[in-house]
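Here, each number is a calculation from the coordinates, and none is a lab measurement. For clarity, every value in this text was computed on a predicted model and none was experimentally measured.
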Amino acid sequence: MNNIILEKIALLFLRGIALMSVFLLLRGHNSPGGGFIGAIVLAIGFIFYGIIFGSDRIERILYFNTRIWMGIGLGFVLLAAVWPVFLGHAPLTGLWYTGNWPLLGEIHLGTPLIFDTGIFIGVAGLILSVIITIMEVLKWNT
């Protein structure tokens, strides 16, 4: 069954949910949200998209295998944990950069954002790996 309206809504929903998940990731250090909840929200968008289009289309959008996503996420977490050690601090110590950028104004970036981004990428990869595997076992291809 090809339903063009449902297909367009699914794509629009995925894009909106992806933006919302990045918003949750970026506001998560000082407010509710963060990498874990952002990844769960992103996975919900991909699950809905996969129900409409099948697991093959999810894998095409992701570009990399979901196991590679998990590895990239763990790499970010490891970077956030080890970077302070090289500067003489304890592991997982928050390091901060504050600077003025022409169009953005004053920016505060730190290792907690790198850590949260690693959690975001890793958890999204894990959930999508499980969902894609379940869809393939159930032969959920449209």
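Send over the Kirkwood Rh of the chain, from the inverse of the averaged 1/r over different Cα pairs, rounded to one decimal Å.
On the way: mean 1/r = 0.0605 Å⁻¹.
About 16.5 Å, per the Kirkwood formula over Cα pairs.
³J(HN,Hα) across segment 63-70 via Karplus (A = 6.51, B = -1.76, C = 1.60, θ = phi - 60°), whole Hz, x for Gly/Pro?
So the J values, rounded to whole Hz, are 6, 9, 4, 5, 5, 5, 4, 5.
Distance between Cα centroids, segment 75-106 to segment 21-50: provide it in whole Å.
22
What are the residues whose amide H is under 5 Å from the amide H of G110, where those residues sit 5 or more places off or on another chain and H is modelled from the backbone?
Here Y97 satisfy the definition.
How large is the Rg to Rh ratio of segment 1-73 when both quantities use alpha carbon positions and Rh follows Kirkwood? Don't skip to the end; give the middle numbers.
Values: Rg = 13.5 Å, Rh = 13.1 Å.
So for segment 1-73, dividing Rg by the Kirkwood Rh gives 1.03.
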